[in-house]
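The values are calculated or read from the model by the stated rules, or taken from the named source; none is laboratory data. Note that the structure is predicted; figures quoted are calculated from it, not measured. Cβ atoms come from the backbone with ideal geometry, glycine included; neighbour counts cover every protein chain shown.
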Amino acid sequence: MALQVGIVGLSNAGKTTLFNALTNAGAEITAYATVSEKANVGMAPIADERLPKLAELVSARKVTPAAVRVVDVPGSGRQLLGGLREVDALLAVLNGWAADADPARDLETLELELLVADRDHVERRLERVEKQAKSGEAALRQEVEDLRALLEHLDEGRTLRDYPRELPSALEPLTTKPIVAVENGPVGVDLKLEAELAELPEDEAEAFREGPSALGTIAGRLFETLDLLSFFTVGDKETRAWTLRRGRTALDAAAEIHTDIAHGFIRAEVIRWDALVECGSHAEAARRGLMRLEGKAYEVEDGDVLNVRFSPPR
Ligand SMILES: Nc1nc2c(ncn2[C@@H]2O[C@H](COP(=O)(O)OP(=O)(O)OP(=O)(O)O)[C@@H](O)[C@H]2O)c(=O)[nH]1
Ligand SMILES: [Mg+2]
């Protein structure tokens, strides 16, 4: 399951512009607040300069970067924000380009809107569970009590993050998700330019930029915030980058590739990407004794090239 990121921001902050820059999906940008309630959903490839080097080794016919699923909802209304409850992280776009821009103030306003949306979410859940609890089931009665205590906490002007107890497990709050703030404008990231560059071939876009791609920087901050790493699978049919949470195992990595591969997992051949590039081929790497055989519990490291041996399903 690909990682999911939700774009949030006040009306007209540049959310859809960021969505287009990340996904090159060409969603409609308007100078007025969007009236449609349709979310934009797309895949954003994560650039990784190690990938083409690995692909070259095997003359891969297909090169597939890792990708995150990006969801962009118009405005910041409560119902709309509900569409973001399943994402892993939030990207907050702050207007830094308008004449009266005040990104710090906007971030505060946005955080407040997220909190209000979460309070609504808790209240609605409470109403629903109160009805169900009439059946007398103990677990439900307990949840009603927990939700009431939480609502009281929020109504004292406090946040979900500083709630001293564990949150009821059925909740899907927004304000406890990791949040990466992106200032849209001359000081932060020029998203309008990035969205235009996304439509150009990579080498032409590169020539326009002075430093590293702003989107690369955003992806880097997401990786840091979510504690992610990249691993690779290298083959002549397809060479591909994947993302995984730090601390996960070879078995988790296998499941990321395909559930059948995880089910039939026997061993993983592992080599660091730069060692493989230096050797020039898997055969040479094996000859030099640089390919390790690892089991299911092996903790995958950033830059690992994995080849999972598995018994196919019968
Ligand atoms: N000058 C300038 N204008 C920008 C920039 N980013 C976005 N805009 C403009 O701001 C307007 C709104 O951009 P959108 O990306 O549609 O904003 P949004 O946050 O998706 O808006 P809603 O979905 O309506 O909430 C458009 O007219 C954009 O062209 C920027 O970096 N500089
Ligand atoms: Mg929009």
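Elements of the type helices (runs of 4 or more DSSP H) sitting completely within the range 61-155 and holding at least 2 residues that are among the β-branched types (Val, Ile, Thr): these cover 103-132. Answer with yes or no whether SER281 is touching a residue at least 40 places away in the same chain (Cβ under 8 Å), under 25 Å from GLU56 (Cβ atoms) and under 19 Å from the mean Cα position of the chain (by Cα). So SER281 fails the test. With respect to ALA170, determine if the residue is over 20 Å from the mean Cα position of the chain (by Cα), small (Gly, Ala, Ser) and outside any helix (DSSP H, G or I). Considered against the rule, which asks whether it is over 20 Å from the mean Cα position of the chain (by Cα), small (Gly, Ala, Ser) and outside any helix (DSSP H, G or I), ALA170 comes out as yes.
Screening the range 70-91 for residues that are surrounded by fewer than 19 Cβ atoms within 10 Å (Cβ to Cβ) and of a type in the set (D, E, K, R) and picking the one that is farthest from GLU108 (Cα to Cα) gives GLU86. Inclusion of THR30 among residues that are within 10 Å of ligand 1 (Cβ to nearest atom), part of a loop (DSSP other than H, G, I, E, B) and β-branched (Val, Ile, Thr) is warranted. Could you please let me know if GLY216 is of a type in the set (Gly, Ala, Ser) and in a helix (DSSP H, G or I)? Against the criterion (of a type in the set (Gly, Ala, Ser) and in a helix (DSSP H, G or I)), GLY216 qualifies.
Once the range 155-171 is narrowed to residues that are surrounded by 15 or more Cβ atoms within 10 Å (Cβ to Cβ) and in contact (Cβ under 8 Å) with a residue 40 or more places away in the chain, the residue that is nearest to GLY83 (Cα to Cα) is LEU171. When ASP236 is tested against (1) modelled with pLDDT of 90 or more; (2) within 20 Å of the chain's Cα centre (by Cα), just one condition goes unmet, and that condition is (2). For VAL87, are the conditions met, namely being in contact with a Gly (Cβ under 6 Å, 6 or more places away or on another chain), under 22 Å from GLY188 (Cα atoms) and of a type outside the set (S, T, N, Q)? No. Do we have ALA89 as more than 16 Å from ligand 2 (Cβ to nearest atom) and either in contact with a strand residue (DSSP E or B) (Cβ under 8 Å, 6 or more places away or on another chain) or modelled with pLDDT of 90 or more (or both) here? Considered against the rule, which asks whether it is more than 16 Å from ligand 2 (Cβ to nearest atom) and either in contact with a strand residue (DSSP E or B) (Cβ under 8 Å, 6 or more places away or on another chain) or modelled with pLDDT of 90 or more (or both), ALA89 comes out as yes. Output the residue which, of all residues in the range 48-60 that are in contact with a strand residue (DSSP E or B) (Cβ under 6 Å, 6 or more places away or on another chain) and in a loop (DSSP other than H, G, I, E, B), is farthest from ligand 2 (Cβ to nearest atom). Looking at the filtered set, the residue picked out is ALA60. Against the list (1) in contact (Cβ under 8 Å) with a residue 60 or more places away in the chain; (2) in the same structural domain as LEU10 (by TED's automatic domain parsing); (3) away from ligand 2 (no atom under 16 Å from the Cβ), the condition LEU81 fails is (3). Here THR64 fulfils each of the conditions (1) touching a residue at least 12 places away in the same chain (Cβ under 8 Å); (2) away from ligand 1 (no atom under 16 Å from the Cβ); (3) exposed (fewer than 13 other Cβ atoms within 10 Å of the Cβ); (4) at negative phi apart from (3). The condition of being surrounded by fewer than 13 Cβ atoms within 10 Å (Cβ to Cβ), assigned to a loop (DSSP other than H, G, I, E, B) and in the same structural domain as ARG78 (by TED's automatic domain parsing) holds for PRO186. With respect to the stated conditions, GLU166 fails to be within 16 Å of ligand 2 (Cβ to nearest atom) and acidic (Asp, Glu).
Among the residues of the range 284-306, just one is within 19 Å of SER59 (Cα to Cα), buried (at least 17 other Cβ atoms within 10 Å of the Cβ) and free of Cβ contacts under 8 Å to residues at least 40 places away in the same chain, namely ALA285.
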